[in-house]
Amino acid sequence: MTAIPVTERRAVLPRERDIPRPDPRDRAGWRPSRRPGPSAGEPTPAGPAPSAARGLDAFTFFIANLQTGFGPFLAVYFTQQKWTQSDIGLALTVGSLVSLLGQMPGGAFVDASRSKRFAAGFSAFWVGMSAVMLAAFPTYLIVMLAMAIHSAASCVLTPAIAAISIGLVGHANAGARLGRNASFSAIGNALGAASMGAVGYYLSNDAVFYLAGALVIPALISLRFIPSRRTETARPAAAEEPPAAPSAGGMAALLKNRALLCFAACMVLFFLANAAMLPLVGSVMTLRASETATALVAACIMVPQAVLAVTAPFVGRLAQSWGRKPLLVIGFAALPVRGLLFAFVSDPYWMVAIQVFDGISASVLGVMVPLIVSDLTRGTGRFNTALGAVGTGMGIGAALSTALAGFMADNLGSQSTFLGLAVMGAVGLVLVLLIMPETRDKGAGQRASA
């Protein structure tokens, strides 16, 4: 038998896989296959996963509970510790100054942070730790340090929540999400005040701050349900939004943003007229109904929170269909009406009812402030820095308001003071009508309604 040369190929039968098959496109009725859509577990362009939305709801709720401990309970706690009024005032002033000076750095920190969720969790942790420090070490230096830590962490926490909210649902649906945040925050404030008041009454004032510190644990747990930065940037809703322009200009770009400067000026006037109104109401109630003044002042705080909890989601939805400016006008118009009614109403119970107008203003501004700032800085990478700048203006207006109202009340009386605050509120309303532009992106509103 002769060997077969290596260059020679044997004849082999064709294998089954080599037999040509008919192309399925030649069949009648063939249609090209569609690209697979998102699976049931993925968020759709209309919004984030339900677990992420509920996680943000819970986070804002527990953070509001936690922050309630740093309200009126501070003065009660310091008084129990035998502090003088000057020492109490100095401790509160330290917190106020850090809060005022830290607004813009806090916003810039959030802008520079790669993970907004980490920034929110980090600041929430230190807010809780500052509450524990107040209860465990009520010495002068530790209290000053705790107040500074709380104010600095809060300056990061507020813009971080706003950034997470807008990143989670997209700019087109930001109004509804921010309204929902405000609603859960109001509910958290109300329930936090009630629970901490009960703890302080039945246990001790120390326990109020230990409870506040413990609330950071469920807040951090709920934060884990919110997607990370990688998930946020990959969500389908991002495809509907225009690409962001590169960040440019820093503070110089903000100072050249005329609409942002107009909005900041309007907010300074609003808080110049608004911040002193409730303390003045408390003083008037104490003179007219001293026995029930504490309960009436508590009711004056609870009524706006109830209005805010009910109306904020509705305001958020209207911001997409009506636009920002009509709602902003309503929020500003409620302030001078409230001041005029306080000037001419003497019944303390009717004064409690007038606080409904405060709830309307709080509901509108709680949604509009981050939403309008987001509109005006979209694509610049400076949203949180601008939000801090507006917050600084609001803080300056509030600080001047209490000093100015105190001087007017001592020299002119409470009625004239209410009328003066109403006039300042009316000037702010006129400023909104004359110089504030509509900031809503009409295309985004149409996508949200679709």
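Odds and ends about this structure:
- The apolar share of the surface of the range 253-438, taken as the fraction of accessible area on carbon and sulfur atoms (1.4 Å probe, ligands and nucleic acids excluded), comes to 73 percent.
- Taking 0.36 nm per residue of separation and subtracting the current Cα-Cα distance, fully stretching the chain between Ser195 and Leu97 would add 32.4 nm.
- With the whole protein complex present, Phe137 retains an accessible surface near 120 Å², based on a 1.4 Å probe.
- With θ taken as phi - 60° and the Karplus curve 6.51 cos²θ - 1.76 cosθ + 1.60 applied, the whole-hertz 3J(HN,Hα) list for the range 217-227 is 5, x, 5, 5, 5, 5, 5, 5, 7, 8, x Hz, x standing for glycine and proline.
- Placing unit charges on the Cβ atoms of the charged side chains and taking the dipole of the range 325-450 about its Cα centre, the candidate lying farthest along the positive direction among Gly379, Val329, Trp350 is Gly379.
- Surface listing: Lys116, Lys256 arranged by accessible area from highest to lowest gives Lys256, Lys116, probe 1.4 Å.
- At R0 = 35 Å, FRET efficiency that the Cβ-Cβ distance of Gln80 and Ser115 yields, to 0.05: 0.30
- Net charge of neighbours whose Cβ lies under 13 Å from the Cβ of Thr380, counting Lys and Arg as +1 and Asp and Glu as -1: +1
- Per residue, the range 298-341 exposes 38 Å² of solvent-accessible protein surface, assessed with a 1.4 angstrom probe and all protein chains in place.
- Ligands, DNA and RNA left out, the accessible area of the range 127-194 computed with a 1.4 Å probe is 81% carbon and sulfur.
- Near Leu421, once Lys and Arg are set to +1 and Asp and Glu to -1 for all other residues with Cβ below 14 Å from its Cβ, the sum equals 0.
- Modelled label reach - Tyr140, point 7 Å along Cα→Cβ, the range 87-128 residues with backbone N closer than 12 Å: 87-88, 90-91
The values are calculated or read from the model by the stated rules, or taken from the named source; none is laboratory data. The shown structure was predicted, so the numbers you read here are calculated from the model rather than taken from an experiment. Because the Cβ atoms are built from the backbone with ideal geometry, glycine has one as well, and the counts that use them run over all protein chains shown. Please note that ligands, DNA and RNA were not included when accessible areas were found on the heavy atoms of the full protein model with its side chains. Shrake-Rupley method; radii C 1.70, N 1.55, O 1.52, S 1.80 Å.
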